[in-house]
Structures are given as C-alpha cells and as structure tokens.
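See below for the structure under consideration.
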Amino acid sequence: QRPYNMADSYGVDIRQPSKSFREAAQAMWLGHTAALKEQDGAAMSVGRWDGFLDIYAERDLESGAATESDLQEVIDDLVIKMRLVRHLRPPAYNELFSGDPTWLTIALGGCDESGRSMVTKTTYRFLHTLTNLSPAPEPNMTVLWSENLPDNFKEYCAKQSIDTSSIQYENDDMMRQIFGCDYAIACCVSGMRVGVDMQFFGARTNAVKLLLMCLNGGRDELHGDKLCPELEAECKKLGIGAGDENRPINYEDVERLFFDVAIPWMAKLYADTMNCIHYSHDRTSYENIQMALHNSNVNRLMAFGIAGLSVVADSMAALKYDEVYPIRDEDGLTIGFRRGHPNREIPQYGNDDDRVDSLAVKVVSRLHEELDKQPLYRGAKATLSVLTITSNLVYGKATGSTPDGRVQGEAFAPGANPMHGRDKNGALASLSSVAKLPYSKCMDGISNTFCLLPNALGQGNGRFKNLATLLDGYFSHQGHHLNINVLSPDVLREAHAHPEKFPNLTIRVSGYAVRFNRLTPEQREEVMARTMHSASVVTMAKRDNDHELYQSEEADVRSMEGIDLGAKLGSVYSLETFSTTDGPGIRTNVFLQGCPKRCLFCCNPETQALADPKKHPEFAMSSCELTSLVGKYSEWLKPRGGGITVSGGEALVQPDFVSDVFQRVHGLGLTTCLDTACYGNKPRWDKVLPHTDHVLLCLKGMDNDVAARVAQVSPEEMAKSKEFARYIRDQYPNIKITLRWVLMKDITDTDSELDALVDFAKELGSVFHAVELIPYHELGREKWTALNMAYPLDDMSAYKADDAVNVKERLSNAGIAVVLSNV
C-alpha cells in the first residue's frame with residue numbers, strides 16, 4: 001500500500017497496468033523510488049529494465065504513439081532522475097566509499113537460457129545517454145557480456161567505453177549457468193536472481209593485516225594489541241617474534257599459520273560480527289517495501305569480502321622464493337622486511353605465473369571454505385567478494401610494511417587487481433592472472449579495474465573491435481568482472497591539478513564509477529599510480545635490474561621444454577602479451593636479446609648486447625616453451641588475424657629460433673609478424689620468410705649514408721634493408737610489408753628522403769602494405785640514463801605533431817598508404 005500512496009502523492013496511479021512506454025518507465029521508477037526512500041543509504045540497484053521496457057517501446061513505435069526521439073527522451077529523463085539520487089551519509093562513510101556513489105546498478109544485455117541475445121533497442125537507449133547527457137557515475141552501467149551478443153552491439157559498447165570510461169562488464173555466459181537469465185547485478189558486481197535472492201552486505205576483511213599477525217604473534221603490527229591467542233601460542237612454539245631478525249622467515253611455517261590458524265579464526269570472528277550487525281539492522285531498519293517486492297520464500301546471501309589479495313599473494317611468494325628477514329622495533333613488531341637476494345626475480349601476481357597466482361587462488365578458496373562452515377543469520381549462504389570500492393587506500397593506510405616490498409601506509413591494489421606496476425608482462429598476462437580466481441568461491445564478485453592508454457587499442461574503428469576482442473577473450477578465460485578505463489595520464493594529471501576544469505571526467509573504480517574530481521587528492525594520486533596498459537613499441541620491453549648479462553653459469557638446456565623434441569633455444573629479453581600496433585589484430589610481442597645496430601633513437605638499449613642463451617640462462621627460452629606461452633592467449637589473438645610478432649633487439653640475429661617459433665605458432669592457427677631492421681643474408685632470410693605472414697621493416701633512411709648515421713653501422717650494411725624488401729617482393733609475394741619510418745627533424749623528413757621513400761614503396765608493388773610514420777620521441781631517454789649510457793640525441797626535441805601530420809598528407813597525396821603512429 002505504501003508505494004501506492006507515494007505514487008498518489010506524485011499524481012500517478014500505479015494500480016493499473018501501464019499502457020505506454022512512458023507509463024511503464026514511470027511505474028518502474030516509482031517502485032525504485034519507494035525502495036530508495038525506505039533503505040538506509042547503502043546500495044539500491046536498479047535491476048534489469050531494458051528487456052521489460054522494450055516491449056512497450058516496440059508497441060508504441062508500431063502504433064505511432066511515440067517516435068524514436070520520444071522514447072529516447074523518456075530514457076534520458078529516467079537517467080537524469082537516477083543521477084539526482086542522494087543519501088545523507090556521515091563523513092566516515094565517504095572515506096571508504098568516495099565520490100558519494102548510490103550504486104544504481106543497471107544490468108544491460110545478456111542472453112536468455114538458450115543463448116539467444118537479449119539486447120534490445122532500449123539497451124542501446126540506456127547506453128546512448130552517455131552521449132546525450134555526457135558521462136556520469138550513475139546509473140552504474142553494467143553490460144552482461146556474452147560470446148553470443150551481436151558484434152555491432154559489442155563494438156558500440158567498446159566505443160562508449162573508450163569515449164566515456166563509464167561501463168563495467170560481467171560474464172553472462174558464466175553467471176547465466178548459475179542464475180538463469182532472470183538475474184541482475186546488485187550493489188557493484190553481485191549477481192542475484194530478481195525477486196528471489198537478497199543480500200546481507202558485509203564489507204571485507206584486511207587479509208594483509210591477517211598475514212602480518214602471523215609474523216607478530218597474533219598482534220596488530222602497528223599498535224601491538226593482542227588479537228588472536230591461537231596465533232600467539234603457535235608463534236611462540238615456532239620462535240617467531242623478537243630475536244628472529246637474523247634468520248629468514250620459514251615459508252612453510254607461515255603458510256600453515258595463515259591457512260590453518262589465522263583464516264579459520266578470522267572466518268568465525270567475521271561471521272559472528274555479521275550476524276550481530278544484520279540482526280540489529282533488521283530490528284531497527286527492516287526494509288518492508290523491498291521485501292514485499294520479493295518472493296515469499298527468499299534465498300538469503302551473506303556477502304563477505306577480502307581486501308589486499310595481491311599483497312598477500314606477492315608477500316607469500318617473496319617468502320617462498322627468496323630469503324626474507326623481519327626488521328622489528330623494540331616491542332618485537334615488524335616495521336619492515338629485508339630480502340636476502342634483492343636481485344633475485346620473484347614471481348608477482350599479475351604476470352600469468354602459476355607460482356604466485358596459485359597462492360591467490362588458495363587464499364580465496366580457504367577463506368570461503370571456512371566462511372561456509374559458519375552458522376549465519378536467517379540461514380544465509382556465505383558468498384565472498386574480491387572488491388574494495390575505494391577503500392583500498394584506507395586499508396593500506398592502516399597496514400604496516402609487508403614482505404613483498406610494500407611500505408607502511410601504501411595503498412593496496414583495488415579489488416582483484418595486481419599491485420600497481422607489478423603486472424609487467426602486458427595486458428593479457430594481467431587479465432589471465434585475475435581470471436584464475438574461481439567464481440565458485442567468490443560469487444559476490446571478483447572486481448578487476450583495468451586501465452588502458454588511449455593508444456593501446458590501435459587506431460580508428462579498429463579500436464572498437466580490439467576492445468571487444470579483449471572482452472571476449474577475458475570472459476572466455478572465465479573472468480568474472482571488468483571495469484574498463486581508457487585514460488590519458490596527461491589528462492589525469494591536469495584534472496588532478498585543476499579539478500574544476502574537468503567536471504564530467506568519469507572513471508571506473510572497483511565496482512562502480514565516480515567523478516574524478518570527487519575523489520580525495522590522495523585517491524586521485526592512487527588512481528594515477530595504477531598500471532595503465534599500453535601497446536606502444538617504446539614501453540613494451542622493460543629494463544629488469546635482475547638481469548645481469550654477463551653470467552658464467554651454463555643453462556641446463558636439456559631441462560627446457562621441448563628441447564629433446566627438436567625445439568630450438570633462443571635468447572629472449574621479454575614478452576608483451578598485448579599489442580595492437582605491431583601487425584594485424586591483437587598480438588603478443590616477443591623481444592629477443594641482441595642487436596648489431598646502435599640506433600640513435602633506440603628505445604630499448606638494454607636489448608642490444610648479444611647473449612648466448614647457453615651461457616646466459618636468464619634469457620634462455622625454447623621455441624616450444626615460447627609457443628606454449630603464446631598459445632595460452634589464443635582466444636585473444638586468433639580473431640581478426642592476430643598472432644605473434646617477434647622483435648628485438650634484432651630478430652634475424654636468431655633465425656633458427658624465430659623460424660621454429662613461427663612454424664609452431666602457425667600450428668596454433670595464429671599469424672606471424674617479423675619486426676626487423678634487417679640483418680644477415682639470403683640464406684639466413686630464407687630460414688624465416690617461408691613462415692612469415694607480415695614484415696615490419698624499420699628503414700633508418702633511404703640514402704645509405706643517412707641510414708648509417710642513424711643506425712651507427714656501415715652504409716653497405718644499411719643497403720641490405722632495401723635489398724631485403726625487394727627479395728621479399730620477388731621470392732615471397734604473399735608477405736605484406738609495412739615500412740616503419742621514424743621522423744627526425746632535418747634527417748629523415750627532408751624532401752629527398754621522403755621522395756625516395758615514396759618511390760621505394762611503389763617499387764615494392766603488391767607486397768607493400770603501408771608506411772607507418774613514427775614521430776621521434778624522447779620516451780627512451782630514461783633507459784639510457786638508467787644504464788649509465790650517454791643519450792645520443794640529447795639535443796634533439798620530440799618531433800612536432802603538426803609536422804608529422806603534414807608529412808602524412810604529403811605521402812598520402814603521393815599515392816601511397818600511410819599510417820601516423822600515435823606511439
């Protein structure tokens with residue numbers, strides 16, 4: 001009765017069935033408003049309206065009662081109402097949930113139980129409000145992503161994500177198997193059946209502090225309060241505490257303490273606390289209206305959560321794979337940690353490394369297992385989330401230094417994300433690590449907030465296809481949730497300094513969206529510190545202080561994967577799992593070690609030194625092992641002709657290795673691309689070219705003397721690059737060549753050089769694909785400095801954007817295909 005009375009006060013009668021799209025939208029909104037008015041200021045999600053409302057929309061269109069413009073106006077008005085919702089909240093609430101979110105989460109798209117798309121025109125109408133009304137945090141736009149969604153819808157979603165950073169995505173193919181098709185998303189990322197399920201919300205436990213209690217005798221590491229008597233007794237038995245600073249922490253002891261003592265203790269305490277909270281809540285603030293809109297027999301869920309998962313996984317990996325010593329204060333509390341082998345490479349979560357990813361899986365699995373044993377209020381079923389909202393900063397502030405190298409007070413990573421900057425193997429490796437977390441143990445949601453630089457997805461409409469492919473691949477790997485941010489660090493820095501200039505800048509945080517200028521200064525700084533994945537050539541190969549090139553020990557070649565089966569051994573510097581700028585589709589880039597050239601503008605000088613893999617095991621990798629790694633990402637790489645690109649260093653320095661890799665990759669159904677400046681002779685080329693689909697040929701200059709000046713080798717050596725291209729034209733006509741051309745002021749942009757470039761491109765005939773112009777930049781300068789090497793172009797400024805556009809127009813007007821790189 002109360003919703004009827006409320007509607008009457010607005011002059012609307014909702015007792016009778018709606019007769020039009022407008023009436024249906026009004027009735028849905030009034031029902032939601034009744035729930036908003038009754039609940040106590042937490043999340044009040046919208047549900048799944050696009051399919052229901054679209055029935056009325058199609059009826060009105062068919063009868064002529066409304067035009068498309070009329071229908072869009074109704075949705076725009078509805079969304080404006082959603083954006084106006086506010087709750088009275090204490091300041092402490094906003095410290096944890098910054099930006100004043102209302103979590104009006106609306107679920108869009110998805111499929112029915114037969115796998116047929118449920119995308120409607122009204123689905124588009126809701127998403128189109130991001131264009132009509134500008135981006136905004138509310139409603140919390142959530143697309144239920146399925147492999148079966150129409151391609152044009154996927155690409156439209158991708159476009160809106162790239163333009164607005166306002167959409168999150170959840171795995172409909174996975175959740176539909178559990179909930180059926182009549183489910184929606186509650187709060188941030190939690191799937192629940194509409195009218196059937198309800199949730200007792202319960203924030204999260206600080207798993208990092210729990211791990212530190214295992215190293216501090218059950219005490220809080222900051223204030224020393226004794227919290228867990230069981231841990232106190234066990235630590236005394238093991239000698240963990242004051243006086244143990246000169247011996248490394250025993251991983252097996254800590255593993256047992258954490259999983260077998262600390263987690264069970266925390267699960268019981270957490271459950272008891274939640275039971276008290278929700279019993280008390282129901283006695284004072286029972287939501288009658290909301291419950292009246294549910295079935296009589298409600299399935300109750302109690303939503304627990306975990307914060308700091310990646311810090312725990314990395315800390316345990318540090319204890320397991322290095323010798324870590326505690327540093328204690330006069331009270332015996334840890335104030336830091338010292339690694340016995342600081343240059344040793346330790347596996348870190350976010351790089352698709354099972355050694356550490358399995359630890360993260362074990363943490364969530366054990367916590368859920370223990371929570372599931374606890375008696376819960378009103379017979380609720382325990383669920384677990386890996387979700388922090390913006391509280392990762394607050395939890396980090398309250399937590400001491402950790403064995404992974406994180407310092408006291410440093411923010412945790414949000415949700416299930418890797419710690420900032422630690423996911424070094426690229427976007428696909430990072431996504432793969434998070435996707436390993438089992439949804440069956442974390443059914444309240446596994447939030448992954450993913451940031452991409454604007455250039456990471458390529459150029460033009462290809463960006464939309466690449467992002468849609470990225471989403472398809474992630475969810476086929478059983479990832480649950482993905483926030484997509486496409487952000488420029490320059491824009492964020494400007495918005496941080498002058499928030500008043502960017503009133504509509506919206507970003508995704510862990511599970512919801514927020515205006516950037518409504519975050520605290522500390523929270524804005526934390527956002528800017530997050531890993532922002534790129535597909536830029538200059539940022540893919542990374543300097544690793546752990547690599548000491550001149551080592552004496554021999555690699556155990558026989559132990560490497562596939563060597564006994566005829567695999568080849570190569571010297572590999574690094575892998576970048578996600579690239580859209582180095583050949584068609586999405587590609588994995590492999591950077592080989594060793595290059596005979598010394599180019600003035602080299603962005604990866606650390607890859608120049610030649611390294612025999614038998615003498616330098618830190619670089620050794622077999623072709624079989626490399627192919628296995630690439631194969632893990634085939635769902636991302638296969639669409640749109642993607643595959644592997646082998647770069648350098650100089651790829652043709654290792655022709656046998658590259659040839660074998662390319663043959664094996666072809667066997668996976670992937671394409672191959674050779675990124676080279678040319679090296680060697682025809683017999684060497686003939687080892688690789690029969691298995692090559694695309695060539696990216698970096699010409700240093702058309703005049704051999706100019707090229708020699710740039711590459712710091714002889715003119716005779718530089719003449720080979722043009723000979724190489726002509727050889728491909730004559731002997732391998734199915735290969736497509738892209739000519740890469742670095743624009744350097746008064747060196748490679750002169751009339752004679754550009755005219756010769758045009759003539760050469762035309763000379764190549766059908767094998768020529770395009771010229772890729774790469775304006776000279778200074779992004780490699782810091783690497784030369786880090787290597788204590790003098791930067792050769794210290795006096796040269798970055799090439800001006802306007803001049804690059806003029807060169808592009810010149811080449812286009814000359815009749816050749818040209819692409820201006822946004823690297």
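The values are calculated or read from the model by the stated rules, or taken from the named source; none is laboratory data. Model, not experiment: these values are computed from the prediction. When we count neighbours, we look across all protein chains shown, and the Cβ atoms used for this are built from the backbone with ideal geometry, even at glycine. The accessibility values were calculated without ligands, DNA or RNA, using every heavy atom of the protein model including side chains. Shrake-Rupley method; radii C 1.70, N 1.55, O 1.52, S 1.80 Å.
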So PHE412, is it modelled with pLDDT under 95, under 28 Å from LYS209 (Cβ atoms) and of a type in the set (Phe, Trp, Tyr): no
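Yes or no: GLN26 open to solvent by 20 Å² or more (accessible area, probe 1.4 Å), closer than 30 Å to VAL189 by Cα and among the polar types (S, T, N, Q)?
yes
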Any idea which of VAL386, VAL363 is within 19 Å of GLY305 (Cβ to Cβ) and in contact with an Asp or Glu (Cβ under 9 Å, 6 or more places away or on another chain)? VAL386
Where LEU61 falls short, out of the listed (1) touching a residue at least 12 places away in the same chain (Cβ under 8 Å); (2) surrounded by 15 or more Cβ atoms within 10 Å (Cβ to Cβ); (3) assigned to a helix (DSSP H, G or I); (4) not β-branched (Val, Ile, Thr): (1)
Among (1) touching a residue at least 40 places away in the same chain (Cβ under 8 Å); (2) of a type in the set (Gly, Ala, Ser); (3) part of a helix (DSSP H, G or I), GLY701 falls short only on (3)
With the requirement that a residue be open to solvent by 60 Å² or more (accessible area, probe 1.4 Å), in contact (Cβ under 8 Å) with a residue 24 or more places away in the chain, under 28 Å from GLN199 (Cα atoms) and not in a helix (DSSP H, G or I), what does segment 243-294 give you? LEU293
Determine whether segment 727-734 contains at least one residue that is touching a Lys or Arg at 6+ places or on another chain (Cβ under 8 Å), surrounded by fewer than 20 Cβ atoms within 10 Å (Cβ to Cβ) and not in a loop (DSSP other than H, G, I, E, B). yes
Of the residues that sit in segment 521-546 and are of a type in the set (Gly, Ala, Ser) and either closer than 26 Å to LEU309 by Cα or open to solvent by 40 Å² or more (accessible area, probe 1.4 Å) (or both), which one is modelled with the highest pLDDT? ALA529
Among the residues in segment 425-448, are any closer than 23 Å to PRO101 by Cβ and modelled with pLDDT under 95? no
Subset of segment 795-815 that is in contact (Cβ under 8 Å) with a residue 12 or more places away in the chain and over 17 Å from VAL742 (Cβ atoms) - its residue that is most open to solvent (accessible area, probe 1.4 Å): GLY815
Candidates PHE450, PHE475, filtered to the one that is in contact with a helix residue (DSSP H, G or I) (Cβ under 9 Å, 6 or more places away or on another chain) and not in a helix (DSSP H, G or I): PHE450
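Suppose we filter ALA158, ALA136, ALA186 for residues that are out of contact with any helix residue (DSSP H, G or I) (no Cβ under 8 Å at 6 or more places or on another chain) and open to solvent by less than 30 Å² (accessible area, probe 1.4 Å); which single one remains?
ALA186
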Check whether at least one residue in segment 312-322 is of a type in the set (D, E, K, R), closer than 21 Å to GLY379 by Cβ and within 36 Å of the chain's Cα centre (by Cα), and report yes or no. no
Return the total of residues in segment 417-449 being under 13 Å from SER310 (Cα atoms), more than 11 Å from the chain's Cα centre (by Cα) and either open to solvent by less than 10 Å² (accessible area, probe 1.4 Å) or of a type in the set (Asp, Glu) (or both). 3
Test for VAL79: is it open to solvent by less than 30 Å² (accessible area, probe 1.4 Å), more than 18 Å from ALA43 (Cβ to Cβ) and either free of Cβ contacts under 8 Å to residues at least 12 places away in the same chain or not in a loop (DSSP other than H, G, I, E, B) (or both): no
Out of all the residues in segment 649-669, is one or more open to solvent by 30 Å² or more (accessible area, probe 1.4 Å) and more than 21 Å from LEU569 (Cβ to Cβ)? yes
Among the residues of segment 743-789, what is the count of those that are aromatic (Phe, Trp, Tyr) and open to solvent by 20 Å² or more (accessible area, probe 1.4 Å)? 1
Restricting to segment 106-123, and then to whatever is crowded, with 20+ Cβ neighbours inside 10 Å and in a helix (DSSP H, G or I), can you tell me which residue is farthest from the chain's Cα centre (by Cα)? THR122
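Can you list the strands (runs of 3 or more DSSP E) lying wholly within segment 564-640 that have 1 or more residues being under 25 Å from TYR776 (Cβ atoms)?
Hits in segment 564-640: 569-579, 587-592.
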Can you pull out every residue in segment 468-520 that is among the basic types (Lys, Arg) and either more than 20 Å from the chain's Cα centre (by Cα) or surrounded by fewer than 24 Cβ atoms within 10 Å (Cβ to Cβ) (or both)? ARG493, LYS501, ARG515, ARG518
